[in-house]
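Coordinate-derived values only; no laboratory data. Just so it is clear, the model here is predicted, and its values are computed rather than measured. Neighbour counts run over all protein chains shown; Cβ positions are idealised from the backbone, glycine included.
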Ligand code: ITT
């Protein structure tokens, strides 16, 4: 059987890798904006993860007339009134290293016992045939006391997941995808796609 193609409207290498890890074993071919070099920069002007996810996927559907999915995600830190939230990629500068961003969070959290936080992921599906559909999920964590682990990307070295007693960056890819915000949202997406393609 020919592989079904899924276009992920993202330029984030870490996200794209995780979509591939989860969807390719299920028979999907995952493409990304790297395969659409003429796609202009998309302005994320929504006020929620779900709105921004729709903006990104819809931009691809509108320009190319094809089905697309997108992922808008981020980190909410309760002690910072849920910041950086939808600003997670841009916070302290889009091109600032995560070694630095993570250290700023650890410094600002010094002495703070309220360390609860979560990753949120909204995945949107857009098509010329139906209204946008959004799947959202979260994973509850705490901010670690120091960065640990080399796997994953972004904020993973400081995202401590209490049930496994390790950070997201210390997990194998299967461990992370098994419990992550993105993993859970992808499984909702898969279920929907299975019905859609039935
Ligand atoms: P695209 O819009 O091109 O997909 P982006 O990086 O700009 O890429 P977002 O606006 O959704 O995407 O920002 C999400 C940010 O949240 C991302 O850059 C990471 O810093 C953080 N993030 C989300 N999920 C994460 C994960 O699983 N591990 C580590 N950091 C994550």
Review point. In the stretch 140-193, what count of residues is obtained for those that are on the phi > 0 side of the Ramachandran plot and surrounded by 15 or more Cβ atoms within 10 Å (Cβ to Cβ)?
Key: 3
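Can you report the number of residues in the stretch 54-66 which are within 12 Å of the ligand (Cβ to nearest atom) and assigned to a loop (DSSP other than H, G, I, E, B)?
0
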Check your understanding: within 20 Å of residue 32 (Cα to Cα) and loosely packed, with under 12 Cβ neighbours inside 10 Å - does that describe any residue in the stretch 64-87?
Key -> yes
Exercise for review: Please tell me if residue 96 is within 11 Å of the ligand (Cβ to nearest atom) and free of Cβ contacts under 8 Å to residues at least 40 places away in the same chain.
Suggested key: yes
Point to revise | Count - residues of the stretch 2-21 that are in contact (Cβ under 8 Å) with a residue 24 or more places away in the chain and over 17 Å from residue 154 (Cβ atoms) | key: 6
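Out of the residues in the stretch 9-30 that are more than 19 Å from residue 121 (Cα to Cα) and surrounded by fewer than 17 Cβ atoms within 10 Å (Cβ to Cβ), which is farthest from the ligand (Cβ to nearest atom)?
Ranking the qualifying residues of the stretch 9-30, first place goes to 27.
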Exercise for review: Could you look through the stretch 153-198, keep only residues that are part of a loop (DSSP other than H, G, I, E, B) and within 12 Å of the ligand (Cβ to nearest atom), and pick out the one that is farthest from residue 53 (Cα to Cα)?
Suggested key: 171
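Which members of the stretch 153-175 meet the condition of being within 12 Å of the chain's Cα centre (by Cα) and under 16 Å from residue 118 (Cβ atoms)?
154, 155, 156
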Review point. Which of the residues belonging to the stretch 34-50 are touching a strand residue (DSSP E or B) at 6+ places or on another chain (Cβ under 8 Å), within 23 Å of residue 130 (Cα to Cα) and free of Cβ contacts under 8 Å to residues at least 40 places away in the same chain?
Key: 36
